[in-house]
Amino acid sequence: LICGTFYDLHENCFLVPMILWLFYFIEKDNLKGMIIFTILTLLIKEDAPVYAACIGLFVIVGKKKYRNGAVIFVTSVVYFLVVTYFMGKYGLGIMDSRFTNYMADASKGGLIDVIRNFITNPAYVVEECFKPEKLSFMFYMIFPLGFLPLASKKVSGLILFIPVILENLASNYKYQYSINFQYVFGTVAILTYLAIVNYSELAEKTRRFMAGFAICMGIILLPVCAMQKSYYFDIYRTEKQWINDLDEAMESIPDDASVVASTFFLPHLSNRDYIYEYPYDKGADYIVLDLRFDEVKEEDIDDLIKSGYEQVKKIRSLYVILRKK
């Protein structure tokens, strides 16, 4: 969780409390609480139904609470279908491009293609899920929990590993199987629940050993993981003037203006009625482009100027601000 929060404040962060509260009400056998936190989980983002639907299956198979599990599962599936429809009709669709490794033709394939290959070619799925870099990822996910998510004779617990497979291991999008990004938040919540439940069912001697092992691994791995992020502090200290320049540039844009901005400038400019991410819209009063990562070319700026914008301010290799004439 620590490494993922160094990247940015992502909506996936909310998966952790919502899923853990959902499990709490499942353990309490409180249907009203389950419904509330199923809905809150689903509202976080379009792929949240994957977590909720698997939890519903777990309640049906593992808890033998057929009504409660069916409510969670059916609500999740219906929500997913509705959201998928509207995102396809009014947006850019769901991010099935992160599963092109299951598409015969990435330009023509879609979610149906992915599902079909998942079912018909399990050997290929296993090969994709257990590549060396993904085994390393699972090491970081399981070891600090002392293998407790796997320490159960109940097969039903394996249902809760389905989100780990679908959200992390199956994709060829490298950020989804890295603890340094937000894609682990939902699965961390599920694995933590499994660890707690399995711990409670172990014999005292086994419990003590596995808990001790988890603590030791946590102590060993925490500095290893956290030290990877120490460069953020160095950047803040050494590039203070650079950061001040960016802040001043963002503040120079009128609050009532509509803005198109590069990804990492959006949060600084978000307190306004209309803001869009570049390059998905180019018709706002102001366009603010990030020049730090070579994603915006000089010809892109020239094209915008030709289309009716004027350059207001530019710092080479940092940013450029354009205003509609």
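The values are calculated or read from the model by the stated rules, or taken from the named source; none is laboratory data. Bear in mind the structure is a predicted one, so any value in this text is a computation, not a measurement. FYI the Cβ positions are ideal-geometry reconstructions off the backbone, even for glycines, and counts take in every protein chain you see. When the accessible area is computed, the model is the full protein with side chains, heavy atoms only, and any ligands, DNA or RNA have been set aside. Shrake-Rupley method; radii C 1.70, N 1.55, O 1.52, S 1.80 Å.
Points to keep in mind about this one:
- Share of carbon and sulfur in the accessible heavy-atom surface of the chain [1.4 Å probe, %]: 62
- Diffusion constant of the stretch 57-147 at 20 °C, which comes from Stokes-Einstein with the Kirkwood Cα-pair radius and 1.002 mPa s, µm²/s: 133
- Beta bridges per DSSP with both ends in the chain, % antiparallel, nearest 5: 65
- Estimated dipole of the chain in Debye, rounded to 20 [Cβ of Lys and Arg +1, of Asp and Glu -1, Cα centre]: 1560
- Stokes-Einstein D for the stretch 1-56, Kirkwood Rh over Cα pairs, 20 °C, 1.002 mPa s (µm²/s): 183
- Most mobile listed residue (I215, I112, I55) in the chain, GNM with C-alpha springs under 10 Å: I112
- Checking the cross-link pairs K282/K314; K63/K153; K65/K153; K32/K63; K45/K240; K45/K89 against a 25 Å limit on the alpha carbon distance flags K45/K240 as lying beyond it.
- Taking the square roots of 5 times each eigenvalue of the Cα gyration tensor of the chain, largest first, gives ellipsoid semi-axes of 41, 25, 20 Å.
- Mean ellipticity per residue at 222 nm, deg cm²/dmol - from DSSP H runs of n ≥ 4 across the chain, formula -39500 (n - 2.57): -16500 deg cm²/dmol
- Heavy-atom accessible area for S317, with the other protein chains in place and a 1.4 Å probe, reaches approximately 80 Å².
- Sparsely packed loop sites in the stretch 171-241 (the GluC sites (Glu not before Pro) outside DSSP H, G, I, E and B with at most 16 other Cβ atoms within 10 Å) comprise E239.
- Within the listed set Y124, Y24, Y309, the Gaussian network model of the chain (springs between alpha-carbon atoms below 10 Å) gives the highest mean-square fluctuation for Y309.
- Ranked by the mean number of other Cβ atoms within 10 Å of their residues, highest first, the peptides 1-13, 28-40 come out as 28-40, 1-13.
- Simple rule: put +1 on each Lys or Arg Cβ and -1 on each Asp or Glu Cβ in the chain, find the dipole, and look at A170, I301, A70; the Cα lying farthest toward the positive end is A70.
- What separates the Cα centres of the stretch 127-180 and the stretch 1-49 is a distance of 19 Å.
- Here L1 and K325 are evaluated by their C-beta separation; at R0 = 41 Å the FRET efficiency comes out at 0.30.
- Highest-MSF residue in the chain out of R116, R272, R98 [GNM, Cα springs under 10 Å]: R272
- Rounded to whole Hz, the Karplus (6.51, -1.76, 1.60) HN-Hα couplings of the stretch 296-302, x for glycine and proline: 10, 9, 4, 5, 5, 5, 4
- 3J(HN,Hα) along the stretch 203-215, derived from phi through the Karplus expression 6.51 cos²θ - 1.76 cosθ + 1.60 where θ = phi - 60°, amounts to 5, 4, 5, 5, 4, 5, 5, 6, 5, x, 4, 4, 4 Hz, with x in place of Gly and Pro.
- Residues whose amide H falls under 5 Å from that of G62, counting only those 5 or more places apart or on a different chain, are absent, with hydrogens built in the peptide plane.
- Note, ³J(HN,Hα) from phi for the stretch 154-159, Karplus 6.51, -1.76, 1.60, rounded to Hz, x at Gly and Pro: 7, 5, 4, x, 5, 4
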